[in-house]
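J.: Structure incoming, see below.
The values are calculated or read from the model by the stated rules, or taken from the named source; none is laboratory data. Keep in mind it's a predicted model, so treat the numbers as computed, not measured. Here the Cβ positions follow ideal geometry from the backbone for every residue, glycine too, while neighbour counts run over all protein chains shown.
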Amino acid sequence: MIHVWTVSGQELPAISLEDVRDVRDLKSTLRRLHGFPICMQQLLHNGNSLEDSTQLGPSSDMSMQLVLSAPSSAKQPREAANELLEACEMGSLLVTRLLLEAGAHKDEQDTTGYTALMCAASHGHEEIVQLLLEAGADKDARAQLSCMQQAMAPRCQ
């Protein structure tokens, strides 16, 4: 079993080692179960930061600490923007707030040309729309799609 504690000392429900192969799988599981954005998760074992590719062996028990921090690497801001778009589409106010506070790019467009604000509005997530507007999201942004792209890109429509 993997035992994960937050910085505040809260122990999260244990996760079976059978359910995860590596740290990236564990982060995905923590996101699915608790909503923690993957790009903000840093896992520590015995005080050492674990890379996403670190394999989690079949040892009987592991203890880790979860630290949520702002995206830092060149790859993470793009991941944060993608997670923000998804959180807005799914209606997750908490995750949206966490990502905005961490500096996720609120006006980044997805592959279909939609911004987080467009996704939240098109799905009727009024609280998220308000949060994005308060954070300075561009209310005048327009998706730049051709007719063919619009027909093939139903993400936030």
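J.: Evaluate the following for residue 51: is it loosely packed, with under 15 Cβ neighbours inside 10 Å, of a type in the set (Asp, Glu) and without any contact (Cβ under 8 Å) to a residue 24 or more places away in the chain? Quick ask: steps written out before the conclusion?
T.: Details: loosely packed, with under 15 Cβ neighbours inside 10 Å: yes; of a type in the set (Asp, Glu): yes; without any contact (Cβ under 8 Å) to a residue 24 or more places away in the chain: no.
It is false that residue 51 is loosely packed, with under 15 Cβ neighbours inside 10 Å, of a type in the set (Asp, Glu) and without any contact (Cβ under 8 Å) to a residue 24 or more places away in the chain.
J.: To continue, here is another question. Counting just the residues of the range 8-53 that are part of a loop (DSSP other than H, G, I, E, B) and under 19 Å from residue 86 (Cβ atoms), which one comes out modelled with the highest pLDDT?
T.: By that ranking, first place goes to 52.
J.: Could you tell me whether the range 77-88 includes any residue that is in the same structural domain as residue 133 (by TED's automatic domain parsing), free of Cβ contacts under 8 Å to residues at least 40 places away in the same chain and not in a helix (DSSP H, G or I)?
T.: no
J.: Here is a follow-up. Kindly establish whether residue 104 is under 19 Å from residue 30 (Cβ atoms), at pLDDT 80 or above and part of a loop (DSSP other than H, G, I, E, B). Show your work before the answer.
T.: Details: under 19 Å from residue 30 (Cβ atoms): yes; at pLDDT 80 or above: yes; part of a loop (DSSP other than H, G, I, E, B): yes.
Yes.
J.: Further question on the same structure: Could you grab me the full set of residues in the range 2-27 that are under 16 Å from residue 69 (Cα atoms) and among the hydroxyl-bearing types (Ser, Thr, Tyr)?
T.: Within the range 2-27, 6, 8 meet the criteria.
J.: Of 122, 63, 69, 92, which residue is modelled with pLDDT of 85 or more, in contact with a strand residue (DSSP E or B) (Cβ under 6 Å, 6 or more places away or on another chain) and among the small types (Gly, Ala, Ser)?
T.: Numbers: 122 fails: in contact with a strand residue (DSSP E or B) (Cβ under 6 Å, 6 or more places away or on another chain); 69 fails: modelled with pLDDT of 85 or more; 92 fails: in contact with a strand residue (DSSP E or B) (Cβ under 6 Å, 6 or more places away or on another chain).
Checking each option against the conditions leaves just 63.
J.: Then there is this: For the range 122-142, enumerate the residues that are part of a helix (DSSP H, G or I), more than 14 Å from residue 87 (Cβ to Cβ) and of a type in the set (A, V, I, L, M, F, W, C).
T.: 133
J.: Return yes or no: is residue 3 touching a Pro at 6+ places or on another chain (Cβ under 8 Å) and surrounded by fewer than 20 Cβ atoms within 10 Å (Cβ to Cβ)?
T.: No.
J.: Run down 101, 134, 126 and say which single residue is acidic (Asp, Glu), surrounded by fewer than 21 Cβ atoms within 10 Å (Cβ to Cβ) and either assigned by TED's automatic domain parsing to the domain that holds residue 31 or closer than 20 Å to residue 38 by Cα (or both). Write out each step before concluding.
T.: Values: 134 fails: either assigned by TED's automatic domain parsing to the domain that holds residue 31 or closer than 20 Å to residue 38 by Cα (or both); 126 fails: either assigned by TED's automatic domain parsing to the domain that holds residue 31 or closer than 20 Å to residue 38 by Cα (or both).
Sole residue among the options that is acidic (Asp, Glu), surrounded by fewer than 21 Cβ atoms within 10 Å (Cβ to Cβ) and either assigned by TED's automatic domain parsing to the domain that holds residue 31 or closer than 20 Å to residue 38 by Cα (or both): 101.
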